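The values are calculated or read from the model by the stated rules, or taken from the named source; none is laboratory data. What you are looking at is a predicted structure, and each value in this text was computed from that prediction instead of being measured. FYI the Cβ positions are ideal-geometry reconstructions off the backbone, even for glycines, and counts take in every protein chain you see. Note: areas computed on protein heavy atoms with side chains; ligands, DNA, RNA excluded. Shrake-Rupley method; radii C 1.70, N 1.55, O 1.52, S 1.80 Å.
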Amino acid sequence: NGEIFLVAQKSGERIDPGPDDIYRFGTIATIEQTLHLPDGNTKLLVEGRQRARIERYLDNPDFFEVVIEPTEVLSPPEVEVQALVRTVKGTFERFVKLNRAVPPEMILTVNALEDPDRLADTLVAPLQLKLPERQEILEIIDPGVRLERVYKALLTEIEFLQVEKKLKSRVKRERESSQRE
């Protein structure tokens, strides 16, 4: 029915993974577009709908078939989360100003989001996080805790970007100085 359950493989080096090689938490997604490539591969454009957890594997020799349990979103204290949402949005604007790889239009998308869960999902994409860190965030059920974890990652990323900017600036000044000499 155009839906698929997506989970990450723990190590991409394993060519024929088994159930123990795959994380248990993933995303229920809708297939928006299918593109068959000339090399025989298929590329999918998907939109994540809801997080879920693998309950059990079914017997299917051709591909992984699983029974999943969608995660229920908890309702965190309203005022606390609203303050966190506002703080995270402001921090994301700072991040975009420092990171030229993120299109400025993404600020509009982020500012339109009020749901802390959706906001966390959207903000994880441009962050330079390793797979285990992304997986850890995916598995956090409480939206407030999840968004707070993304906020910390955002602050760390901003710190790295600021240091990179200082280094580039210093090297540029030194190079210009030596060229003058």
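Here are the numbers for the structure shown:
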read-out	value
Qualifying residue in the stretch 93-114 (condition: in a helix (DSSP H, G or I), aliphatic (A, V, I, L, M), open to solvent by 30 Å² or more (accessible area, probe 1.4 Å) and more than 25 Å from LYS166 (Cβ to Cβ))	yes
Any chance VAL66 is assigned to a strand (DSSP E or B), among the aliphatic types (A, V, I, L, M) and surrounded by 14 or more Cβ atoms within 10 Å (Cβ to Cβ)	yes
Residues located in the stretch 119-144, provided they are without any contact (Cβ under 8 Å) to a residue 60 or more places away in the chain and either within 15 Å of ARG86 (Cβ to Cβ) or aliphatic (A, V, I, L, M) (or both)	LEU119, ALA120, LEU123, VAL124, ALA125, LEU127, LEU129, ILE137, ILE140
Residues within the stretch 42-63 that are outside any strand (DSSP E or B) and either open to solvent by less than 90 Å² (accessible area, probe 1.4 Å) or in contact with a Gly (Cβ under 8 Å, 6 or more places away or on another chain) (or both), tallied	1
Selection count, the stretch 115-148, where residues are open to solvent by 30 Å² or more (accessible area, probe 1.4 Å), in contact with a strand residue (DSSP E or B) (Cβ under 9 Å, 6 or more places away or on another chain) and among the acidic types (Asp, Glu)	2
Hits in the stretch 8-21 - residues which are open to solvent by less than 50 Å² (accessible area, probe 1.4 Å) and in contact (Cβ under 8 Å) with a residue 24 or more places away in the chain	ALA8
Within the stretch 22-41, tally of residues that are in a strand (DSSP E or B), open to solvent by less than 80 Å² (accessible area, probe 1.4 Å) and not aliphatic (A, V, I, L, M)	6
Failed condition for VAL79, given (1) open to solvent by 100 Å² or more (accessible area, probe 1.4 Å); (2) in contact (Cβ under 8 Å) with a residue 12 or more places away in the chain	(2)
